[in-house]
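The values are calculated or read from the model by the stated rules, or taken from the named source; none is laboratory data. All values derive from a computational prediction rather than experimental measurement. All Cβ positions, even for glycine, are placed from backbone atoms using ideal geometry, and neighbour counts span all protein chains on display. Side chains included, ligands, DNA and RNA excluded: accessible areas come from the protein's heavy atoms. Shrake-Rupley method; radii C 1.70, N 1.55, O 1.52, S 1.80 Å.
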Amino acid sequence: MPIIIALLLSAVTLQWTSDACAQTPKTPAADEPKAPVALNPQKTVLLDRDDHKLILETEVVLRAGLLEMLVCLKQTKEHESILSLDAKAATVHAGLLALGSQPGTPVKFDPEFQPPQGQVIEIWMMWKDAEGKWQRAKAQNWVRSVTRKYHIAKLEQFPAGVKIPEDSDLRYDDKFHELLWFGMMSDRDRDRMLALSADPKYQAAVKQLHKISQVVPMTADWVFSGSSFYRDEATGQQHYLAEGGDLICVANFATATLDVREKSSANSEGGLSYEAWEERIPPLGTKVRVELIPVKPEAEEKQPAADAPAK
């Protein structure tokens, strides 16, 4: 185990022991839960041993746009992350170790793509709505496939005599023989475009654009890939690479502490790409409690796929 994490984990254990003694009676009732223990001075990373989870106190910093991160570190990648956390990535890593989680291996791209490996970490979001009521949702429900882009369908020849309405998002590229549509095509848009021509190839291309432009919710799991370390030859010190901001990613990064267990890209080339699901994300500045729950390997197939009721 790298020295930096070993030392941090030792500090976590000592802090948990001292805080637990200070916060609870020496002989607590058998069913009395202990309060989560802060692992950093900001009290933004909390270890909950009783419920076997790590809690991150975060803030919404982005609601719309292309994503690389679900959670980044403060003042790093807020322009491409839904949430920001004021903490060190190594603290989160150590907290997961304290729960008995085992890191795997980061994503590899050379000589060929190998997805990140590691223990599955279930991620839940908890926040208060406008009425002050707690809401709870799986993190995947805040992420969807990219819709704000041009979708492409091959079409060798655009139907003669057909004029594309100026107020539509349909385009035809004569050079590359492609029919294009920007954003999500509604059923009404599809029917309107189909009505322009009965040409079979044109009809097939429009139907394909409608199909591929629909919203696809994120379904992939996050895994504790564990990032990696860089040794400074001049000082001999080791640096945890996730401190650059890559805490919980939705696009594959070899520096991520938690990464998605699939091929994912920030630019959709060679893999999936994601954006924030704006309608499901609370307002900017909302405080969000992120729960990281390690999943036992035998329980992976039993994970719930839908939102759970708020507690």
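Considering (1) closer than 30 Å to G118 by Cβ; (2) at pLDDT 90 or above; (3) part of a loop (DSSP other than H, G, I, E, B), the lone condition that L196 does not fulfil carries the number (1).
If you filter the range 176-191 down to residues that are at pLDDT 95 or above and open to solvent by 90 Å² or more (accessible area, probe 1.4 Å), you find that the one that is nearest to the chain's Cα centre (by Cα) is R188.
So, G285, is that one small (G, A, S), out of contact with any Pro (no Cβ under 6 Å at 6 or more places or on another chain), at pLDDT 95 or above and in a loop (DSSP other than H, G, I, E, B) or not? So G285 passes the test.
Considering only residues in the range 56-72 that are modelled with pLDDT of 95 or more, part of a strand (DSSP E or B) and open to solvent by 10 Å² or more (accessible area, probe 1.4 Å), the one that is nearest to W124 (Cα to Cα) turns out to be E57.
Restricting to the range 206-241, what's the tally of residues that are of a type in the set (A, V, I, L, M) and touching a Gly at 6+ places or on another chain (Cβ under 7 Å)?
Applying the first criterion (of a type in the set (A, V, I, L, M)) to the range 206-241 yields 206, 209, 212, 215-216, 218, 220, 223, 234, 241.
Then drop every residue that is not touching a Gly at 6+ places or on another chain (Cβ under 7 Å), which leaves 223.
Qualifying residue count, the range 206-241: 1.
Filtered by the rule that a residue be more than 17 Å from T286 (Cβ to Cβ), at pLDDT below 95 and either open to solvent by less than 10 Å² (accessible area, probe 1.4 Å) or not in a strand (DSSP E or B) (or both), the range 116-150 gives P116, V146, T147, R148, K149.
Being of a type in the set (D, E) and free of Cβ contacts under 8 Å to residues at least 24 places away in the same chain is the filter here, so list the residues in the range 63-98 that pass it. Reasoning before the result, please.
Initial filter on the range 63-98 (of a type in the set (D, E)): 68, 78, 80, 86.
E78, the sole residue that qualifies.
Within the range 86-96, is even one residue among the hydroxyl-bearing types (S, T, Y) and in contact with a Phe, Trp or Tyr (Cβ under 8 Å, 6 or more places away or on another chain)? No; the residues of the range 86-96 include none that is among the hydroxyl-bearing types (S, T, Y) and in contact with a Phe, Trp or Tyr (Cβ under 8 Å, 6 or more places away or on another chain).
If the condition is being open to solvent by 60 Å² or more (accessible area, probe 1.4 Å), free of Cβ contacts under 8 Å to residues at least 40 places away in the same chain and in a loop (DSSP other than H, G, I, E, B), then the range 215-248 contributes E233, A234, T235, Q237.
Looking for something at positive phi and not in a loop (DSSP other than H, G, I, E, B) - is there at least one such residue anywhere in the range 96-110? Before you say what the answer is, go through the steps one by one.
So in the range 96-110, the residues at positive phi come out as 100.
Still in the list and also not in a loop (DSSP other than H, G, I, E, B): none.
No: zero hits.
As a summary of the residue check, K88 satisfies the conditions (1) crowded, with 19+ Cβ neighbours inside 10 Å; (2) basic (K, R); (3) within 21 Å of W127 (Cα to Cα) except for the one numbered (3).
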